[in-house]
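Q: My questions all concern the structure below.
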Amino acid sequence: MNQATLSTPFRASGVGLHGGQPAEVTVSPAGPGHGIRFVRADRPGSADVPAHMDRVTSSRLATTISSGSESVATVEHLLSALVAHRIDNARISVSGPEVPVLDGSAKRWVELLTDRQEQDARARTIRVLRPVEVKSGVRSMRLLPSDGLEIDATIDFEHARIGVQKLAFRVDPDDYDRDIAWARTFGFLDEVEALRANGFARGGGLENAVVFAPDGTTLNELRAPDEPVRHKVLDILGDVALLGCRLQGHIQAIRPGHGMTLALLRALRADPAAFERV
Ligand SMILES: [Zn+2]
């Protein structure tokens, strides 16, 4: 398998989910070995911010990556679309501190991501050889050997419209577009006030998130009954980009979150006998 990039740049604009500021994003082709890197277009001469686990400065609610004083927040939905479509190299220019949330899913990104171009260099992959596991209270994530990239997720929320949801997904570009890309981020009405007081969800609204009410209903229509667990798979895949190369392995996640996925990637890297680079 060879590395791949885009054939032509694409653009989207909107507000950030947490900061609420408007920004335009331009995703452009990049050469072999470049990887996926962000740059702040509103700060001329600023350093690139590579999409890499060593650059993560926050994984509370969303993933923020930084390089010195430059940072880009909520990178995971765009990265998810790029990983699902096996894009290894891209330059992502953002005219503000946060990637626009658009409709809260990766739907718009996969609509824009139509032209993939293979490059004259072999793809770099981390292949899992033996299990790695991380736990934190009721949350756990495991990484097992596989002949591809698979994500199984289980969530359990005490809400009548969610409850226990499970999904097993084998990553493939077409299946991702059909089954995962459109799943939106979600939140709970009784937590929104507290989030906003702490500087989160300021750009959040019914146009970019599913909101669950305390009375067991939703404030907007779900796109599928199991949309929440599909969004968790979307998020996990976005954080997998932070390995800095492709992953061959099987992720099993119980009550996942950005912090857990990052902990799993770090645990993998800390155990050199658990993987090989191919
Ligand atoms: Zn998300």
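Q: Quick one: in region 161-186, of everything that is surrounded by 14 or more Cβ atoms within 10 Å (Cβ to Cβ) and among the small types (Gly, Ala, Ser), which residue is nearest to the ligand (Cβ to nearest atom)?
A: Among them, the one singled out is Ala183.
Q: Within region 19-62, can you find the residues that are under 15 Å from the mean Cα position of the chain (by Cα), of a type outside the set (A, V, I, L, M, F, W, C) and part of a loop (DSSP other than H, G, I, E, B)?
A: Within region 19-62, His52, Ser59, Arg60 meet the criteria.
Q: Just to be sure I understand, how many residues within region 242-256 are surrounded by 20 or more Cβ atoms within 10 Å (Cβ to Cβ) and part of a loop (DSSP other than H, G, I, E, B)?
A: Number of matching residues: 1.
Q: Residues being under 12 Å from Ile162 (Cβ atoms) and within 14 Å of the ligand (Cβ to nearest atom): count how many of those fall in region 187-210.
A: The number of residues fulfilling the criteria is 2.
Q: Looking at Gly163 and the list (1) in contact (Cβ under 8 Å) with a residue 40 or more places away in the chain; (2) more than 20 Å from the chain's Cα centre (by Cα), which single condition is not satisfied?
A: Every condition holds for Gly163 apart from (1).
Q: When region 40-64 is examined, which residues are found to be buried (at least 19 other Cβ atoms within 10 Å of the Cβ), over 19 Å from Arg269 (Cα atoms) and more than 16 Å from the ligand (Cβ to nearest atom)?
A: Listed by number, the residues that qualify are Arg40, Val49.
Q: Moving on to the next point. Of the numbered conditions (1) in contact with a helix residue (DSSP H, G or I) (Cβ under 8 Å, 6 or more places away or on another chain); (2) within 14 Å of the ligand (Cβ to nearest atom), Glu98 satisfies every one except a single condition; which is it?
A: Here Glu98 meets the rest and fails (1).
Q: Moving on. Looking only at strands (runs of 3 or more DSSP E) that fall completely inside region 63-170, which ones have 1 or more residues that are basic (Lys, Arg)?
A: 90-94, 116-122, 125-128, 132-136, 139-144, 163-170
Q: Select, from Asp174, Asp190, the only residue that is over 21 Å from Glu98 (Cβ atoms), without any contact (Cβ under 8 Å) to a residue 12 or more places away in the chain and part of a helix (DSSP H, G or I).
A: Criteria check complete, one pass: Asp174.
Q: From the list Gly244, Gly238, pick out the single residue that is closer than 25 Å to Gly33 by Cα, outside the structural domain of Leu82 (by TED's automatic domain parsing), away from the ligand (no atom under 16 Å from the Cβ) and not aromatic (Phe, Trp, Tyr).
A: Only one candidate passes the filter, namely Gly244.
Q: Right, next: Evaluate region 75-92: report whether one residue or more is closer than 28 Å to Leu195 by Cα, touching a residue at least 60 places away in the same chain (Cβ under 8 Å) and more than 15 Å from the chain's Cα centre (by Cα).
A: no
The values are calculated or read from the model by the stated rules, or taken from the named source; none is laboratory data. All values reported here derive from a predicted model rather than from experimental measurement. Virtual Cβ from ideal backbone geometry, glycine too; neighbours counted across all protein chains shown.
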